[in-house]
Structures are given as structure tokens and as C-alpha cells.
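The values are calculated or read from the model by the stated rules, or taken from the named source; none is laboratory data. All values reported here derive from a predicted model rather than from experimental measurement. Here the Cβ positions follow ideal geometry from the backbone for every residue, glycine too, while neighbour counts run over all protein chains shown. Just so you know, the surface numbers come from the protein's heavy atoms only, side chains and all, with ligands and any DNA or RNA stripped out. Shrake-Rupley method; radii C 1.70, N 1.55, O 1.52, S 1.80 Å.
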Amino acid sequence: MDKLPPAHMNTEHDLAWVREALEPDQFAESKVPLERRRLGPGLLVLLWVLRIYVILMTVLIAYQVWQALHP
Amino acid sequence: MAHTIIPSSPEIPPLTSEDLKRARDRLRVARARGHRWGWLSLLWLLIGPGVLVMLGENDAPSMLSYAATGATYGPGFFLPFILLTFLMAFIVQEMTVRLAATTHRGHAELIFERFGPFWGTFALFDLALGNLMTLVTEFIGIRAGLGFFGVPPLLAVLLALSVIVLVVLTRRYWTWERLSLALALFNLVFIPVAVLAHPDPQQLVKAFLTGRPFPSWDKTTLLLLLADIGATVTPWMLFFQQSAAVDKGVARQDIAYGRLDTALGALLAAIAGIATAIATNPLFFHHINASSFAGADFARALQPYVGSVGAALFALGITEAGLLAAITIASSSAYAFGEVTRQPHSLNRSLREGWPFYCVLLLAAGLAAALVLIPNAPLEFIVLIVNVYAVLSMPPALVFLTVLVNDRDIMGEQANGPLANLLSVTVTLFICLAGLVYGIATVFPGLLPS
């Protein structure tokens, strides 16, 4: 079995294998940010409903804790 | 560009030490594909994020939930129910594997880029709050578990922090992952404890085949149902597995192995969870009230029935569960922070390059550890509510996940098909419904018997 290339190689020629081993988006410093998607009205309503749901439930949990602490 | 080995040019992207280490891991995977027994090598090389996330979610509060379930209801409905919750966890986590392999972006990064910072901040806030509360419970578990062996709280917390620091400071994803996997195997110590509890095989078979006896429908049942769901499906798991798979370098051609990794993790975690519920069945049969038990209390109460070895294994299991979860949950916070702030966020980075990432990881663990040491802090309430909060904050996370994994612009042919969508929507509705029932029962306490 071939040995893996040693880690200390650091010239452009030596590192050609790195560019072959990784897909373009796997390079840490060269990712291009994705475009923002358009959020339709249905999805926006769903996101807002769920946000309100989480806030209400968080308040309920806080109330439960308060009740348990002050019986 | 900072921290690069070779600077960029118009044709060639810049290289970092992170790229170099990841490329070495990918080269091993590429070479394994050509071998006769390559599938075995590939399994060994590609296993990791799935097993870690599932066994990481078998954390201290989760194991205590399973223990409370077994002690309160004995063998019955909850045994197959635990299996069902891990099936839900697999359905959800498999989607993060495809997202990671296709986009090479972490979950927080994708939410911020595709939904924008407004919705991304909400998702991050849910994650940060849930992670902090959960991390606190991990240290409570560690303190309780080591307390069984006579270790003082301060020493227990410092020992746990030292392990986290040592594992994280390997500065190599592969080493970190293998050390964490070795630690995760200790989750299986609940199996011998279950055997030592001498369960009746006929009762177990009946429970798994029929789900009987059913529990009475009251507040305790509802809370334990929610706690058991929260013990398997939580927001941090989505963020962790996707980011860890990206850090590992998982690519499209590895998705099948990613699924296998996740399925194996779900199976192992379900076995450990069910074993924990079975291990505490003697408390049910001897009518011992375990409603206010914490980690070490279960181990002590079980001692007459499973022996001192069984009790020690139980305490060891709770300690391990807390420790592994502290490592994975703190990592999920650090990954999310790095992805959103566009700071280096990889366990392959050196300390100099990735100091903000490592600082967040260790600060998250350190803050939770410090909170556990505050005298008279109402820690038992945090343990009680942490899994419930996980269930209640899960629906928005599942919607972000489902929308992302259906986004053909980024997923291409790896986008969800009709069956995956049906399963995903079913899980989301089930979790929403469980949360709503909890909310209604809280607002109208007279609806359910206490």
C-alpha cells in the first residue's frame, strides 16, 4: 500500500495532491457564500408561527420552574 | 488570506493546515475504495459523526430519563417507545449527512446563508440557550456519577474539564473523533447492569411486541414521554453532526456510509437507552419511589438488586454519558459560532489559527462547569426541564432542516424524495403535537390527573 504524502511538504508542486483530494467547497478559505433564498409568504408565516410557539413554550417552562421554586 | 500555507491566485484557492489534514484523511478514503476489503476500511474511516451524535445524545439527563422511565413504569410501553424515538432520530440525522456531504457547510452556516441573519440569529439563540442548559446537566451528571465513587464535586468537575481540554487540544479532527468514539463505547456499560437486574425475558418480549402494559395517562407519563423524545431528538444534534461531517470531509460518494454510521449510532444508543430502562426495573418491582432521584441516587438504590459492581457501572455510565455529551455539545456551539462569524472552525486547526473556535468550545464547557459549582443553585430544575425544552425548541429547527434538504439549488439530486419528506413531516408534526399537549396540560392543569 502506498504511503500517504508526508505532512511537511509545502511547496505548490508538493501540494497538488491536496487539490485533487478535496472538492472545491472543501477548501476552508475559498468558500463562496451561497445566495440567500427567497422566502415565500407561506414559509414566512410558518417560521413566524413556530417562533411564537417557541417563545410561548419558553414562557410556560419558565412559569413551571417558578412554580416549582415557589410552591 | 490569514493562516494559509500557500496564498491564493486567480486559478488556485489558498491552502490552510485544515485543508492539508482533511486531504490526508480523504486520500485514505480514496485508497480504501480500491481494495478488496475496502468496505470494511471505509466503514472504519467514515464512521464517526453518526455514532458520536447518537451516543452523545445518550447524555446524563437522557440516561436519567430512561432510568426514571424504567423505575416508574417497569417493562412495558416505554421500551418500544424508546426504539421509536431513535428511529425518529435516524430520520432526522440522516438528512444532515446529505446536507454536509453535498454542501460542505455546517448547519448554522447554511441557515445564515440561505435564510439570512434574521432567522439565523433565532436559530443560533435556540441552540445557544439549549446547549448551555444541557451542558450544565452534563456536569451535574458527571458530578453525581463521580460522587458515587467519593470524588468531591470540585475535583469531579475539574477532572471532566481536563479530559475535554486534552481531547480537544489534539488539534486533529481524526484523533479527536477516535478518542471520543472510544469514550462513547462506555455508554454500553448499561447493558451489563440490565443483565444484572435479571429481567424476565417473557415480559420484555411482550413489552416489545405489544407495548403493554400501557402507562396511565397523567402528568408524569406526559413529562416522561416528552423527556424521552427530548432524549433522542434535539437541535444541537443537527448542528453537531452536520458540522462534524463537514470537518471530517464527508463527500457525496460517502453518503451510504454516513447513513450506516448514523444507523449504527442509533442502534447502539437505543440498546444503551433500553438497557438503562431495564436496569432500573427492580425499583419499580420493589415499589421504590424514584421521582426525585438524581444520577448517584439511582446507582445507590440499585445496589441491593444489581450488586456493587452493577451500581458502580451505572455511576460510571452516567459519568461517561455526561463527559461525551459535554465534548460534543460544546463542539456544536463552537462550530456554529465559527460558521456564523466566519472564523476558522475546525478541529484540524492549530491553536494559533483556530483560537476563537477553541475559546468558545472551552468557554462553553467552563461556564457550565462553573454554574454547577454555585452553592444552592436550582440545578434539579434544569435537569427536569432540559429535555422538555429540547422538544419544544425542535419544530423550528426541523422546519429549517426540511426546507434546506428540499432546496434543489444546493442539494441537487440529493434533495429529499417524497418518502423522506413524508417521514420528516411526520416527525415534525409528532414533536409539535407532543409540545402542544405539554403546553395545554401546563395552562389547564385540571385536564390531566397528577
| query | How do the helices (runs of 4 or more DSSP H) wholly within the range B:391-450 filter down when requiring 3 or more residues that are modelled with pLDDT of 90 or more and open to solvent by less than 20 Å² (accessible area, probe 1.4 Å): which remain? | reply | B:394-405
| task | Hey, could you check the range B:373-413 for residues that are farther than 20 Å from residue B:292 by Cβ and among the β-branched types (Val, Ile, Thr) and say which is farthest from the other protein chains (Cβ to nearest Cβ)? | result | B:374
| query | What are the residues in the range B:331-354 that are within 14 Å of chain A (Cβ to nearest Cβ) and of a type outside the set (S, T, N, Q), if any? | reply | B:335, B:338, B:339, B:340, B:342, B:344, B:345, B:347, B:349, B:353, B:354
| note | Picked from the range B:163-193 (must be among the polar types (S, T, N, Q) and under 21 Å from the mean Cα position of the chain (by Cα)), the residue farthest from residue B:17 (Cα to Cα) is B:187
| Whichever residue in the range A:25-37 is at the interface with chain B (Cβ under 7 Å from one of its Cβ atoms) and not aliphatic (A, V, I, L, M) and, among such residues, is nearest to the chain's Cα centre (by Cα) | A:33
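Residues are listed down the side, and each one gets a yes or a no for (1) assigned to a helix (DSSP H, G or I); (2) more than 30 Å from residue B:253 (Cα to Cα); (3) touching a residue at least 12 places away in the same chain (Cβ under 8 Å); (4) small (Gly, Ala, Ser):
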site: B:81; (1), (2), (3), (4): yes, yes, yes, no
site: B:92; (1), (2), (3), (4): yes, no, yes, no
site: B:105; (1), (2), (3), (4): no, no, yes, no
site: B:144; (1), (2), (3), (4): yes, yes, yes, yes
| open to solvent by less than 10 Å² (accessible area, probe 1.4 Å), of a type outside the set (Val, Ile, Thr) and in contact with a Gly (Cβ under 8 Å, 6 or more places away or on another chain) - does that describe any residue in the range B:147-170? | yes
| note | Scanning the range B:261-293 for residues that are surrounded by fewer than 19 Cβ atoms within 10 Å (Cβ to Cβ) and over 19 Å from residue B:74 (Cβ atoms) gives B:263, B:264, B:267
| task | Determine which member of the set B:342, B:349 is open to solvent by 20 Å² or more (accessible area, probe 1.4 Å) and modelled with pLDDT under 95. | result | B:342
| query | Which is away from every other protein chain (no Cβ under 14 Å), out of contact with any Lys or Arg (no Cβ under 7 Å at 6 or more places or on another chain), under 25 Å from residue B:394 (Cα atoms) and assigned to a loop (DSSP other than H, G, I, E, B), of B:262, B:232, B:328? | reply | B:232
| field | Selection within the range B:77-125 - of a type in the set (Phe, Trp, Tyr) and either closer than 17 Å to residue B:273 by Cβ or away from chain A (no Cβ under 14 Å) (or both) | value | B:77, B:78, B:81, B:86, B:90
| task | Taking residue B:360 as meeting all but one of (1) closer than 30 Å to residue A:67 by Cβ; (2) more than 14 Å from chain A (Cβ to nearest Cβ), write down the number of the exception. | result | (1)
| query | Can you name every residue in the range B:183-197 that is open to solvent by less than 50 Å² (accessible area, probe 1.4 Å) and hydrophobic (A, V, I, L, M, F, W, C)? | reply | B:183, B:184, B:188, B:189, B:190, B:193, B:194, B:197
| query | When both residues are 6+ apart or on different chains and their Cβ atoms are under 9 Å apart, which pairs have a first residue that lies in the range A:47-71 and is at the interface with another protein chain (Cβ under 7 Å from one of its Cβ atoms), and a second that is among the hydrophobic types (A, V, I, L, M, F, W, C) and open to solvent by 90 Å² or more (accessible area, probe 1.4 Å)? | reply | A:64/B:384; A:65/B:384; A:68/B:384
| remark: Note on the range B:171-181: residues of a type outside the set (Phe, Trp, Tyr), open to solvent by 30 Å² or more (accessible area, probe 1.4 Å) and within 16 Å of residue B:346 (Cα to Cα) are B:171, B:172, B:175, B:178
| remark: How many residues of the range B:295-316 are buried (at least 19 other Cβ atoms within 10 Å of the Cβ) and under 29 Å from residue B:237 (Cα atoms)? The answer is 8
| Counting only residues that are part of a helix (DSSP H, G or I), hydrophobic (A, V, I, L, M, F, W, C) and over 12 Å from residue B:194 (Cα atoms), how many does the range B:265-304 have? | 12
| Pairs, first modelled with pLDDT of 90 or more in the range B:9-25, second among the basic types (Lys, Arg), C-beta under 8 Å, six or more apart | B:18/B:349; B:21/B:172; B:22/B:248; B:25/B:248
| Set B:231, B:227, B:251: member being farther than 30 Å from residue B:44 by Cβ and within 26 Å of the chain's Cα centre (by Cα) | B:227
| query | Going by the structure shown, is residue B:76 among the small types (Gly, Ala, Ser) and under 30 Å from residue A:21 (Cβ atoms)? | reply | no
| field | Residue in the range B:28-55 that is surrounded by the most Cβ atoms within 10 Å (Cβ to Cβ), counting only those that are of a type in the set (Gly, Ala, Ser) and more than 14 Å from chain A (Cβ to nearest Cβ) | value | B:50
| query | Which of (1) touching a residue at least 24 places away in the same chain (Cβ under 8 Å); (2) not in a helix (DSSP H, G or I) is the odd one out, the single condition residue B:123 does not satisfy? | reply | (2)
| query | Residue check: is residue B:135 under 22 Å from residue B:378 (Cβ atoms), more than 14 Å from chain A (Cβ to nearest Cβ) and not in a loop (DSSP other than H, G, I, E, B)? | reply | yes
